[in-house]
1. Using the alpha carbon gyration tensor of segment 104-153, what are the three equivalent-ellipsoid semi-axes (square root of 5 times each eigenvalue), largest first, in whole Å?
2. Applying 1/(1 + (r/R0)^6) with R0 = 41 Å to the Cβ-Cβ distance of residue 102 and residue 69, what FRET efficiency is obtained, to the nearest 0.05?
3. How do 126, 49 rank by accessible surface area computed with a 1.4 Å probe, from largest to smallest?
4. Among residues other than residue 124 whose Cβ falls under 10 Å from its Cβ, what is the net charge (Lys/Arg +1, Asp/Glu -1)?
Amino acid sequence: MDAREFKQRFMPHYKLLYRVAYHFTGNAQDAEDLLQDMYLKLWQKRDDLPDEAMRDAYLVTMMRRLLLDQRRLKHVDTSIELKEEFSPPDEQSLDRQIDTKDEAIQMEGLIRQLSERDAKIIQMHLMEDRSYEEIEQDTGLSQGNIRIIVMRTKQKLKQQFRRLGDLSFRKPND
């Protein structure tokens, strides 16, 4: 099989295979790498491939096996990942994910209501995981002052968050 025939047979599958590779890896660069490795393997075995090699199912299975081989080489245990990936999520985990996302959105809204200084400091400390020393360098405030701001802001956010939670459990007629 020459290059022209190879392209005619296997390039029409490129978009599907890229989507599958992206699904498996969760990363565009890793998906491209996996796809490149797969096309290389197909090219190397081009004269020995069965007729069914042009089918999507064969190519997807081949890609999955290639990914598993690569992960084994990296000494990564993928058995748990694959079981979780291909098993349907339970209802409780979906509820937790939705609740967590809603809570994060609510917390972002509360942080936006803070003064600019407090919001900046709490974001640097909690979200960017920066030390008091780093925050001191950026803001010019003393570490003691930063600690107090962080402590008071956390308390304020907790109280406001609890109030939001209490309001969401009330019935409309309350």
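1. Over the Cα atoms of segment 104-153, the semi-axes work out to 19, 11, 9 Å.
2. Taking R0 as 41 Å, the efficiency between residue 102 and residue 69 is 0.55.
3. I get 126, 49, largest accessible area first.
4. Cβ neighbours under 10 Å give a net charge of -2.
The values are calculated or read from the model by the stated rules, or taken from the named source; none is laboratory data. Since this is a predicted model, take the numbers as computed values, not measurements. All Cβ positions, glycine included, derive from the backbone under ideal geometry; neighbour counts span all protein chains shown. Surface accessibility is based on the protein's heavy atoms, side chains included, excluding ligands, DNA and RNA. Shrake-Rupley method; radii C 1.70, N 1.55, O 1.52, S 1.80 Å.
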